Amino acid sequence: MTPPALVLVPGLLCDERLWRHQTEGLQDLAGPILVPDVTGQDSVQEMARSVLEAAPEQFALAGLSMGGYVALEVVRQAPDRVEALALLDTSARPDTPEQTKTRLALIEVARDGRFDEVWRTLLPKIVHPERVEDPGIVTAVGEMARSVGPEGFERQERAIIGRPDSRGDLRGIACPTLILCGRDDALTPLPLHEELADGIPGARLHIVDRCGHLSALERPEEVTRAMREWLEALAVRGTETPS
């Protein structure tokens with residue numbers, strides 16, 4: 001079986017650096033690896049269309065946080081093109097009024113010229129308490145946020161606010177699916193991932209201990225191992241012939 005192309009969709013205020021360890025650690029199991037830019041659109045639907053335009057005809061797809069919302073929309077728009085799906089630290093649910101209120105307040109902070117306050121405010125919510133002062137993680141989060149910038153941040157937040165409820169679509173997902181989350185994810189807690197795993201036929205749930213929301217960055221080795229198993233299972237499935 002030819003290794004599948006792999007599309008890795010980053011989360012809010014993240015870029016290709018979120019997936020650096022996975023990009024390096026999965027090269028032998030994947031064809032071309034693409035990390036699409038999802039900073040120029042202000043709806044999940046438009047983000048998904050941009051991913052589909054950039055991706056090859058068939059591919060494996062992974063998304064973290066906002067990237068998971070986009071991945072679910074990609075599967076909704078083009079289910080036949082996605083060979084395998086990995087949803088990391090994300091949810092099938094729409095934004096709650098409380099979440100929307102918080103997002104709009106952060107948009108105002110960014111508009112007020114205090115963009116560094118935005119990612120510094122988010123840091124304790126997206127990183128495990130043990131790593132909230134880790135210099136490497138703090139530097140990476142800050143560099144990614146500045147790369148996205150305040151305008152990109154506002155577009156992304158508005159896309160997240162307007163995202164659809166995907167729970168009704170889960171049962172129709174037919175490709176091999178990995179659900180992964182940090183056990184201590186404060187933004188999208190474990191029950192939301194159990195909901196995803198229960199809703200998608202045959203999905204496998206992998207929980208990363210002592211890990212917050214940015215699992216691919218916080219626990220890169222374990223996340224890469226889980227994704228290797230996911231891609232290896234796809235390869236085995238591709239070599240099986242009907243009896």
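The values are calculated or read from the model by the stated rules, or taken from the named source; none is laboratory data. Just so you know, these numbers come straight off a predicted model, no measurement behind them. Glycine gets a Cβ as well: all are built from the backbone with ideal geometry, and neighbour counts include every protein chain shown.
Every residue, every condition in (1) within 25 Å of GLU194 (Cα to Cα); (2) at pLDDT 95 or above; (3) of a type in the set (A, V, I, L, M); (4) buried (at least 16 other Cβ atoms within 10 Å of the Cβ), yes or no:
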position: GLU53; (1), (2), (3), (4): no, yes, no, no
position: GLU57; (1), (2), (3), (4): no, yes, no, no
position: VAL75; (1), (2), (3), (4): yes, yes, yes, yes
position: ASP95; (1), (2), (3), (4): yes, yes, no, yes
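Does GLU154 count as acidic (Asp, Glu), at pLDDT 95 or above, farther than 22 Å from GLN77 by Cα and in contact with a helix residue (DSSP H, G or I) (Cβ under 6 Å, 6 or more places away or on another chain)?
yes
If you check every pair at least six apart or on different chains, which have Cβ atoms under 9 Å apart with a residue in the stretch 185-204 that is closer than 10 Å to ILE173 by Cβ first and a residue that is outside any loop (DSSP other than H, G, I, E, B) and hydroxyl-bearing (Ser, Thr, Tyr) second?
Cβ pairs passing all conditions: LEU196/THR177; ILE200/THR177; PRO201/THR177; GLY202/THR177; ALA203/THR177.
Pull out all pairs, ordered by first then second residue, where Cβ-Cβ is under 9 Å, the residues are six or more apart or on different chains, the first lies in the stretch 139-162 and is in contact (Cβ under 8 Å) with a residue 12 or more places away in the chain, and the second is among the polar types (S, T, N, Q) and part of a helix (DSSP H, G or I).
VAL148/GLN156; ALA159/GLN45; ILE160/GLN99; ILE160/THR100; ILE161/GLN99; ILE161/THR100; GLY162/GLN45
SER166 - would you say it is polar (S, T, N, Q) and either at pLDDT below 95 or within 14 Å of ALA92 (Cα to Cα) (or both)?
Here the answer is yes, as SER166 does meet what is asked.
Would you point out the residue of the stretch 84-111, among those that are part of a loop (DSSP other than H, G, I, E, B) and over 15 Å from the mean Cα position of the chain (by Cα), that is nearest to ALA71 (Cα to Cα)?
Among those residues, the one meeting the criterion is PRO94.
Restricting the search to the stretch 68-89, which residues are out of contact with any Cys (no Cβ under 8 Å at 6 or more places or on another chain) and among the small types (Gly, Ala, Ser)?
GLY68, ALA71, ALA78, ALA86
Name the one entry in ARG167, ARG163, ARG171 that is surrounded by 14 or more Cβ atoms within 10 Å (Cβ to Cβ), in contact with a Gly (Cβ under 8 Å, 6 or more places away or on another chain) and among the basic types (Lys, Arg).
The match here is ARG167.
Residues to consider are LEU180, LEU123, LEU205; find the one that is assigned to a strand (DSSP E or B), surrounded by fewer than 20 Cβ atoms within 10 Å (Cβ to Cβ) and at pLDDT 95 or above.
Answer to the check: LEU205.
Specify the residue that is nearest to PHE153 (Cα to Cα); the eligible residues are those in the stretch 28-44 that are surrounded by 15 or more Cβ atoms within 10 Å (Cβ to Cβ) and without any contact (Cβ under 8 Å) to a residue 40 or more places away in the chain.
ASP37
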